[in-house]
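Structure first, then comments.
The values are calculated or read from the model by the stated rules, or taken from the named source; none is laboratory data. Remember, it's a predicted structure, so these values are computed and weren't measured experimentally. Cβ placement follows ideal geometry from the backbone for every residue including glycine, while neighbour counts extend to all protein chains displayed. Surface accessibility is based on the protein's heavy atoms, side chains included, excluding ligands, DNA and RNA. Shrake-Rupley method; radii C 1.70, N 1.55, O 1.52, S 1.80 Å.
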Amino acid sequence: MTGRAILVAVEDELSAAVMRRLVASVDRDFVIDRIINTRGNGLLRAGVPKFKSASHVLPHVVLTDLDRSPCPPDLLQKWGAINLPAQLLVRVAVREVEAWLLADRFGIADFLAVAAIKVPANPEGETDPKRTLINLARRSRKRRLAQELVPTPGSPNKIGPFYNARLTEFVSRQWNVMQARGNAPSLDRALARLSTFLPIGKK
């Protein structure tokens, strides 16, 4: 393996796809050694003490959603993710990683087959970006895609049966990260911090 190995920890499959793109987008030699998907932010939060210790052996990058916390500093305080080792980077998507996808307004509009004007100009201002994205999918001119992303009527699920799979494909193939960062300040900060994470030239 060439380059500097890092471990990525996330709370779901979609966030894992986003982190792969972010790592590939920065001008660094990072190589993702492995990805820990905790399948929920509860286990991700519980893992912070372990991440602090393990990052001294293998640098860690952690991504979580802000969800209902008032602001990233408040969430980090509650998680005990302050005064972190230099080898541990924790970033927070405001309010959910879906806001970062919506921030590429033309890209997501094309993917969902909806008018770009329907995509919010300030996705991080949305109370529930996931719901916003699903509501856009309801209007899709692609009936099959709508069925894959939108939960069936009466279902207890909040997302459709292929929600993560289809959006992971979008992130991997179509998502314009540089376009999105201009409409999502927390994404812009995440990219900036990832670009300067760990001193360049030191292993």
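Taken over the stretch 152-179, the residue count meeting the criterion of being closer than 26 Å to Arg4 by Cα and touching a residue at least 24 places away in the same chain (Cβ under 8 Å) is 7.
Residues in the stretch 121-170 that are in contact with a Leu (Cβ under 8 Å, 6 or more places away or on another chain) and of a type in the set (Gly, Ala, Ser): 3 in all. With the structure loaded, tell me whether Ser55 is within 23 Å of Val23 (Cα to Cα) and without any contact (Cβ under 8 Å) to a residue 60 or more places away in the chain or whether it fails that test. Criteria met by Ser55. Could you check the stretch 13-35 and list, in sequence order, the residues that are of a type in the set (Gly, Ala, Ser) and touching a strand residue (DSSP E or B) at 6+ places or on another chain (Cβ under 8 Å)? Matches in the stretch 13-35: Ser15, Ala16. Residues in the stretch 59-68 that are free of Cβ contacts under 8 Å to residues at least 40 places away in the same chain and open to solvent by less than 50 Å² (accessible area, probe 1.4 Å): Asp67 alone.
Yes or no, residue by residue, for (1) modelled with pLDDT of 95 or more; (2) open to solvent by less than 50 Å² (accessible area, probe 1.4 Å):
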site: Met19; (1), (2): yes, yes
site: Asp27; (1), (2): no, no
site: Asp33; (1), (2): yes, no
site: Lys50; (1), (2): yes, no
site: Val57; (1), (2): yes, no
site: Pro70; (1), (2): yes, no
site: Pro73; (1), (2): yes, no
site: Trp79; (1), (2): yes, yes
site: Ile82; (1), (2): no, no
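Quick check on Trp79: is it aromatic (Phe, Trp, Tyr) and more than 30 Å from Arg144 (Cβ to Cβ)? Before you say what the answer is, go through the steps one by one.
Numbers: aromatic (Phe, Trp, Tyr): yes; more than 30 Å from Arg144 (Cβ to Cβ): yes.
Considered against the rule, which asks whether it is aromatic (Phe, Trp, Tyr) and more than 30 Å from Arg144 (Cβ to Cβ), Trp79 comes out as yes.
Pairing residues of the stretch 71-92 that are of a type in the set (Phe, Trp, Tyr) with residues that are in a helix (DSSP H, G or I), at Cβ distances under 6 Å and at least 6 apart in sequence or on separate chains, gives Trp79/Arg45; Trp79/Val48.
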